[in-house]
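Presented below is the structure to which this report refers.
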Amino acid sequence: MVFCYFCRMKKNEIVLSGIRPTGNLHLGNYFGAVKNFVKMQETNECYFFIADYHSLTTHPHPDNLQGNVRQVLIEYLAAGLDPEKATLYLQSDIPETAELYLFLNMNAYLGELERVTTFKEKARKQPNNVNAGLLTYPTLMAADIIIQKADKVPVGKDQEQNLEMTRTYARRFNNMYGVEFFPIPTAFNFGEALVKIPGLDGSGKMGKSEGEANAIFLNDDPKVIRKKVMRAVTDSGPTEMNQEKPDPIQNLFTLLNVVSTPDVVEYFDDQYNKCTIRYGDLKKQLAEDIVAFTAPFTERIKELSADDDYILKVMNMGAEKARANAQKTLREVREIIGFRKIY
Ligand code: TYM
């Protein structure tokens, strides 16, 4: 087994991750997840999917669901995922996941599910729709991951707790049946801390559900990007040399760090430390660097959107490979649990 010192992965480790089809991809999705997907497809067996079962927890309309699924696939491809290198598929094309989810739910407990931070947040945000799918979100996520026997899961910081739950359920299954069947997967970012890209509203993370103005999407028009950045929350400026940056300002620097060159970051950092910073200049630079960063994506997204045949071909190719693998795992799981062989 070859271990790569630089990427901190064993060459034969299986990589898997997914994104919910709840809108266009934003910079948080890109820097927290997709950027690593693109890198990892070069060295490992990779499975990247669109979590359409998960999106049912917020009750999308069928037309929106279909359109969003297609859009995420287009954006995966536009970001550089290659269906010849990685298996790209839809979660709902692998119904075996639902059966494994059922098995895992039998050993998942109300107390531990109710303690999950994202469940508590979502229950607060949608008090009229605290459905069982929302509660058991982590067991479905565990099923996604372990059905492909994944070792590494590239995700952003917000998914850390869900990954901990996956580890618990994989271990619990192995212990319960006295087998070393499922690998215990880890959240992965090349040995670095998991990424959290902030939003533009001065607090919290960039997210699809935090309001349009909080997130910058890969296919936003340059005019929209400039407007959103210029409206980002700031304060009245530093009053002491080298003072710590408050959250809204640190957020702008975090964004600058991912899209701008180091000399640009250094320049504005220096200006901040000397109390001579002009936030208007910082925002203009940030907006232009984001526009330059997203321009190639926007182009590719436009091209791919016109190619229905190709998109369908990619979906079918991925479904076939991911499903064959999942069926094998499920056959073995049924045998371990003690069910009769049916396929
Ligand atoms: P989702 O769709 O909310 O987000 C997809 C990926 O983008 C990352 N991300 C961020 N990273 C950094 N900063 C941000 N502001 C930011 N916003 C989003 C997320 O961490 C994630 O990696 N539960 C998952 C989907 C899922 C999944 C899975 C992921 C279902 N099954 C199995 C991995 C493995 C979700 O809702 O991601």
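The values are calculated or read from the model by the stated rules, or taken from the named source; none is laboratory data. Here the structure is a predicted model, which means the values were calculated and not measured. Glycine gets a Cβ as well: all are built from the backbone with ideal geometry, and neighbour counts include every protein chain shown.
Could you tell me whether the stretch 59-81 includes any residue that is within 16 Å of the ligand (Cβ to nearest atom), under 20 Å from Ala324 (Cα atoms) and assigned to a helix (DSSP H, G or I)? Scanning the stretch 59-81, I find no residue that is within 16 Å of the ligand (Cβ to nearest atom), under 20 Å from Ala324 (Cα atoms) and assigned to a helix (DSSP H, G or I), so the answer is no. Which of the residues belonging to the stretch 27-49 are part of a loop (DSSP other than H, G, I, E, B) and touching a residue at least 60 places away in the same chain (Cβ under 8 Å)? Hit for the stretch 27-49 is Asn44, nothing else.
Look through Thr239, Thr276 and report the one residue that is more than 15 Å from the ligand (Cβ to nearest atom), loosely packed, with under 13 Cβ neighbours inside 10 Å, polar (S, T, N, Q) and free of Cβ contacts under 8 Å to residues at least 24 places away in the same chain. After ruling out the rest, the residue left standing is Thr276. The test for being over 16 Å from the mean Cα position of the chain (by Cα), among the aliphatic types (A, V, I, L, M) and surrounded by 13 or more Cβ atoms within 10 Å (Cβ to Cβ) holds for Leu135. Listed here are the helices (runs of 4 or more DSSP H) enclosed by the stretch 95-190 that have at least 1 residues being in contact (Cβ under 8 Å) with a residue 12 or more places away in the chain and within 22 Å of Tyr30 (Cα to Cα): 117-125, 137-147, 160-177. For the stretch 9-21, the set of residues classified as assigned to a loop (DSSP other than H, G, I, E, B) and modelled with pLDDT of 95 or more consists of Glu13, Arg20, Pro21, listed by residue number.
Restricting the stretch 212-223 to residues that are closer than 21 Å to Tyr279 by Cβ and within 15 Å of the ligand (Cβ to nearest atom), the residue that is surrounded by the fewest Cβ atoms within 10 Å (Cβ to Cβ) is Ala213.
Among residues that are within 16 Å of the ligand (Cβ to nearest atom), part of a loop (DSSP other than H, G, I, E, B), in contact (Cβ under 8 Å) with a residue 40 or more places away in the chain and of a type outside the set (Phe, Trp, Tyr), Asn24 is included.
On the stretch given as the stretch 161-192, residues that are surrounded by fewer than 17 Cβ atoms within 10 Å (Cβ to Cβ) and either within 11 Å of the ligand (Cβ to nearest atom) or on the phi > 0 side of the Ramachandran plot (or both) total 4.
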